[in-house]
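The values are calculated or read from the model by the stated rules, or taken from the named source; none is laboratory data. Not measured: the values here are computed from a predicted model. Backbone-built Cβ (ideal geometry, glycine too); neighbour counts: all protein chains shown. Side chains included, ligands, DNA and RNA excluded: accessible areas come from the protein's heavy atoms. Shrake-Rupley method; radii C 1.70, N 1.55, O 1.52, S 1.80 Å.
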Amino acid sequence: MSIVTVQLGQCGNQVGQELFDVICKDARDGQKRGYSDASTARFFHETTTGDLTSRAVLIDMEPKVINHSMSKAAKSGRWRYGEKSHFSQKQGSGNNWANGYCVHGPRHREAMEDLVRREVERCDRLAGVVTMMSVAGGTGSGVGTYVTQCLREVYPNSFILNHLTWPYDSGEVIVQNYNSVLTLSHLYGLSDAILVHENDTVHRICAQLLNIKHISFGDVNRVIAHQLASVLQPALTTDSYGDYSKNPLGELVSSLACHPEYKLLSVCGIPQVASSSMAYSVFSWPGLLKHLRQMLISNTKMEEGIDWQVRAPPVHCGGAEWAHSFRTTGFNRSLANLLILRGKDVFSAEADGFQDAALYTSWLPPREAFSMWKSPVSFNQYEKSATLVSNSQTLLKPLDNMVRKAWNMFASRAYIHQYTKFGIAEEDFLDSFTSLEQVISSYTQLC
């Protein structure tokens, strides 16, 4: 089954281009035929001349980034974007969610929907749509939200996964917290699941694990693309019976987003090693899974600096007792987890530690809360690698921090006029705050 990707704004288009680069390289570099065919069919279609063309739509309100992404893809010699699969204008959204959502989105709806429809019609079977965008700016967040709303109306029965890049906490745009609040609150009612990458976390991975001295947005985007590809590339589920062509988005959503109050997904993977250290690194499944489990329960975003003192509370721990445990130990409670293992001897890997009932909420048994996919094909030059997609309290702190900063600005009426002039009323802000406060409350009380 095929996935259509919609890349929105500068960040979405740059990450999307890196993602297709990773996927194409992984599918074509001497991999097993069944895996390669499944990956290619999932993300590309072949032209009459045999060229691989991505199943993607590129949208931005300025042409520069789209032109660069299309040129870079063509120069790779492996794949390209469709010549008529992009839409751009000459004026951006000015880092204003309201401008993107209320002005640019409605004005260009027909053209954008037509591009998506053409890509969908090229699919023999549609698995769903992945939208890629940042929540900080105006086009990615505002137009991205509007496009997601249109997708939900036009394809009500298709899976929609929103991939969001969260901005640096120190700030990229002065109104980034407004844009983030408005984006998340709207997407929560539209998307089946929301997969989040935090720039701060990825930046630390680049610096501390990959030993990159002068980190660029390109470095950050490549790490995001590799992690995202490790989730979306073909893998075998427990009931796939050796068939790589199952619905990846359907499997992902059914495994992780089982309740409408809980849609926020985080992803982490190991190993992540600088290329200069690869020749000296040896990995075993027990070692990788032990580290990944502790990263999960201690809410550590990467394998360096894991807090090994954090332990899961007793299985029958009550609500008040668990809340105390969370405050004192920093234990990260999960609603659901998906473990994806790739590489040598993968079918011998045991993941009993992730089926511990103490990791999960009391109202969902571990057999339903935990899923595992496997592929004997190595990924990203690692002989063995593990990726964990988690619906847990991981994103609770950054979400709460973002809402708090936005509220402080709103309480002083800072920059509100920049939004009201495009049709967003103060009541819309209040509705968004209320919506996200409910999300924060739900994840806080997860026990």
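Tabulated values for the structure
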quantity: Given (1) modelled with pLDDT of 95 or more; (2) open to solvent by less than 50 Å² (accessible area, probe 1.4 Å), index of the condition Met61 fails; calculated: (1)
quantity: Qualifying residue in region 403-415 (condition: outside any helix (DSSP H, G or I), open to solvent by 10 Å² or more (accessible area, probe 1.4 Å) and closer than 19 Å to Thr145 by Cβ); calculated: yes
quantity: Per-region count, region 1-52, residues basic (Lys, Arg) and in contact (Cβ under 8 Å) with a residue 60 or more places away in the chain; calculated: 2
quantity: Candidates Ala127, Ala207, Ala111, filtered to the one that is modelled with pLDDT under 95, open to solvent by 40 Å² or more (accessible area, probe 1.4 Å) and hydrophobic (A, V, I, L, M, F, W, C); calculated: Ala207
quantity: Output for region 336-350, where each listed residue is more than 17 Å from the chain's Cα centre (by Cα) and under 17 Å from Val267 (Cα atoms); calculated: Leu341, Arg342
quantity: Candidate set from region 170-204 (those that are in a helix (DSSP H, G or I) and open to solvent by 40 Å² or more (accessible area, probe 1.4 Å)); member that is nearest to Leu395 (Cα to Cα); calculated: Asp200
quantity: Pairs, first within 20 Å of Leu151 (Cβ to Cβ) in region 84-106, second among the acidic types (Asp, Glu) and crowded, with 23+ Cβ neighbours inside 10 Å, C-beta under 6 Å, six or more apart; calculated: Ser88/Asp60
quantity: Which numbered condition Lys397 fails, given (1) assigned to a strand (DSSP E or B); (2) under 24 Å from Tyr168 (Cα atoms); calculated: (1)
quantity: Residues of region 210-240 classified as under 17 Å from the mean Cα position of the chain (by Cα), open to solvent by 40 Å² or more (accessible area, probe 1.4 Å) and among the aliphatic types (A, V, I, L, M), total; calculated: 0
quantity: Residues within region 318-331 that are modelled with pLDDT of 55 or more and open to solvent by 20 Å² or more (accessible area, probe 1.4 Å), tallied; calculated: 2
quantity: Members of region 243-297 that are in contact (Cβ under 8 Å) with a residue 60 or more places away in the chain, assigned to a loop (DSSP other than H, G, I, E, B) and out of contact with any Pro (no Cβ under 6 Å at 6 or more places or on another chain); calculated: Ser245, Lys246, Asn247, Ala257, Cys258, Glu261, Lys263, Pro271, Gln272, Val273, Ala274, Ser284
